[in-house]
Amino acid sequence: MKNIAVVGAGTMGNGIAHVFAQHGFEVWLIDVSEEILEKALSTIRQNAIRQVNKQILTEEQMQAMMHRIHPVTQLATGIAQADLVIEAATEKFEIKQQLFQQIDKLASANAILASNTSSISITRLAASTRRPQQVIGMHFMNPVPVMQLVEIINGFHTEAHVTTTIVELSRQLGKTPCVVNDYPGFISNRILMPMINEAIYTLQQGVAGVEEIDTIMKLGMGHPMGPLQLADFIGLDVCLSILQVLQEGLGEPKYAPCPLLVKMVQAGCLGVKTGEGFYRYKNGPKEKEVNPIFHTHRTF
Ligand code: CAA
């Protein structure tokens, strides 16, 4: 494997392009507009500068890495030479399905098609292609350059040699791969999202405030972020849609999204990306204060 195409240049897509380029792969980063691609390249550069400052990369390695990323707006151009195509587009089944159909037509016959989906069925995506045996889930965690895990999801038809190739590739990126089977939420989100949902229930019921809930989980359980801060970081809309996938796919009431989460998404409070969630943000995730709405001690 040498040539990688990443479809979607948002937070996950640019992080995935970053780690592949950092580890010597040629990367075609594909999105619909020049503006999105420019923003993605600027984010990658900023994150690479952090790595230079931390002496993870030299200045020369950073320059070489940036040269290995080729931004393109045409899907056909971007995936023509790809050995692996990783889809990291919006977390909506219809969008991903349409993309997989197009990618399947345009990619070389041997190319492996992967999705970075956090909960959509790999088997269902694979079924929209003519090569379901070469379709797999490659679920990176945010921030991609920092997080160690790649959750690898075998669809119903994924062939063993495809899984082995992706496991080996993840190791080449310095990551730790874990292989799981395709069930709603896989392992990561089937366990993470009920915890986040329960944290929101405790806030809704007035058991404790935002800071107390997060501090208990940070200091008591050794989590780097409390569940409410993590929900803001992931995006409350993303958390809601993953819980809906769990509820629908596993059919158990315990996965029902907390009404306060639903209400916040309806109010447009999506977390860091909109500047308001359980916290309010000024310049990105670092500068934050508890959202004043949660200081009023009213019942939500
Ligand atoms: N690129 C490169 N380096 C980065 C980075 C990025 N995007 N973001 C942070 N870093 C580096 C920093 O430079 C810093 O490096 P050193 O340790 O060498 O100093 C290190 O990461 C820690 O960053 P910060 O000092 O800025 O901040 P922090 O100590 O608060 O850590 C964090 C930030 C890494 C995000 C940490 O809070 C954390 O691990 N949070 C939990 C993240 C998590 O759970 N992610 C998974 C979310 S779920 C998901 O992604 C999948 C899904 O399906 C929903």
Of all residues in the range 23-46, which are open to solvent by 40 Å² or more (accessible area, probe 1.4 Å) and farther than 22 Å from residue 97 by Cβ? 23, 24, 26, 34, 35, 38, 39, 41, 42, 43, 45, 46
Being open to solvent by 80 Å² or more (accessible area, probe 1.4 Å) and out of contact with any strand residue (DSSP E or B) (no Cβ under 8 Å at 6 or more places or on another chain) is the filter here; which residues of the range 253-295 pass it? 253, 254, 263, 266, 273, 283, 286, 295
Boolean, residue 9 is in the same structural domain as residue 73 (by TED's automatic domain parsing), assigned to a loop (DSSP other than H, G, I, E, B), within 16 Å of the ligand (Cβ to nearest atom) and surrounded by 20 or more Cβ atoms within 10 Å (Cβ to Cβ): yes
Can you name the residue in the range 114-135 that is away from the ligand (no atom under 16 Å from the Cβ) and within 23 Å of residue 242 (Cβ to Cβ) and is also most open to solvent (accessible area, probe 1.4 Å) among such residues? 124
Which of (1) at pLDDT 95 or above; (2) away from the ligand (no atom under 11 Å from the Cβ) is the odd one out, the single condition residue 207 does not satisfy? (1)
Output the residues belonging to the range 143-196 that are more than 30 Å from residue 52 (Cα to Cα), open to solvent by less than 60 Å² (accessible area, probe 1.4 Å) and in contact with a Gly (Cβ under 8 Å, 6 or more places away or on another chain). 153, 154, 155, 182, 184, 185, 186, 193
Can you find a residue that is more than 16 Å from the ligand (Cβ to nearest atom) and touching an Asp or Glu at 6+ places or on another chain (Cβ under 9 Å) anywhere in the range 139-153? no
When you look at residue 123, is it part of a helix (DSSP H, G or I) and either among the hydroxyl-bearing types (Ser, Thr, Tyr) or in contact with a strand residue (DSSP E or B) (Cβ under 6 Å, 6 or more places away or on another chain) (or both), yes or no? yes
Here the residues within the range 271-280 that are touching a residue at least 24 places away in the same chain (Cβ under 8 Å) and in a loop (DSSP other than H, G, I, E, B) are 277, 278
Identify the residue in the range 171-209 that is among the charged types (D, E, K, R) and in contact with a strand residue (DSSP E or B) (Cβ under 8 Å, 6 or more places away or on another chain) and, among all such residues, is farthest from residue 157 (Cα to Cα). 175
Given (1) free of Cβ contacts under 8 Å to residues at least 60 places away in the same chain; (2) within 21 Å of the chain's Cα centre (by Cα), index of the condition residue 131 fails: (2)
Quick check on this structure: which one of 248, 212 is closer than 20 Å to residue 117 by Cα, open to solvent by 40 Å² or more (accessible area, probe 1.4 Å), more than 15 Å from the ligand (Cβ to nearest atom) and not assigned by TED's automatic domain parsing to the domain that holds residue 92? 248
With the requirement that a residue be over 23 Å from residue 118 (Cα atoms) and within 15 Å of the ligand (Cβ to nearest atom), what does the range 251-300 give you? 279, 281, 283, 286, 287, 288
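The values are calculated or read from the model by the stated rules, or taken from the named source; none is laboratory data. The structure presented is a predicted model; accordingly, all values stated were derived computationally and were not measured. Here Cβ is always computed from backbone atoms with ideal geometry, including for glycine, and neighbour counts include all displayed protein chains. For accessibility, only protein heavy atoms count, side chains too; no ligands or nucleic acids. Shrake-Rupley method; radii C 1.70, N 1.55, O 1.52, S 1.80 Å.
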